[in-house]
Amino acid sequence: MKIRTKRVYDPPVPADGRRILVDRLWARGLSKAKAKIDYWARTIAPSTALRKWYGHDPHKWKEFRKRYFAELEANPDVAELKQQMGKGTVTLLFSSKEMRLNNAAALREYLEQ
């Protein structure tokens with residue numbers, strides 16, 4: 001399985017495969033029809049407290065990943081996410097302007113372990 005990450009605001013393309021939104025909140029100003037989301041894994045996203053604590057501060061990235069992985073380990077919905085991913089290419093979608101240090105990148109790392 002190939003796991004990619006991409007901003008939800010970027011246009012969908014066939015190479016995306018299965019498109020899974022991994023944010024707790026819906027992307028502002030984006031219609032569901034335009035987003036072409038196959039599955040919304042909102043319960044997989046970092047908790048609101050963790051998201052607010054992190055605030056996309058690059059100095060907190062290592063600790064953010066540690067705390068987020070702990071949340072994922074305790075989250076029974078990870079099994080549902082894996083089932084929804086299937087076997088082919090999957091694109092984890094996020095709305096953050098931060099392209100590298102975001103929850104989708106951390107989730108991808110977690111799933112690839």
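Just so it is clear, none of the values below were taken in a lab; they were calculated from the coordinates. Every value quoted in this text rests on a predicted model; they were computed, and no experiment measured them. Note: ideal-geometry Cβ built from the backbone for every residue, glycine included; neighbour counts use all protein chains shown.
A few comments on the model shown:
- The count of lysine pairs in the chain whose Cα atoms are under 23 Å apart, excluding pairs fewer than 8 places apart on the same chain, comes to 28.
- Dipole in debye (nearest 20) - the chain, about Cα centre, beta carbon charges: Lys, Arg +1; Asp, Glu -1: 320
- Ranking 84, 17, 41 by how far each Cα lies toward the positive end of the dipole of the chain (charges on Cβ) leaves 17 at the top.
- Sites listed here are trypsin sites (Lys or Arg not before Pro) in the stretch 1-53 whose DSSP assignment is loop and whose Cβ has at most 15 other Cβ atoms within 10 Å: 2, 28, 36.
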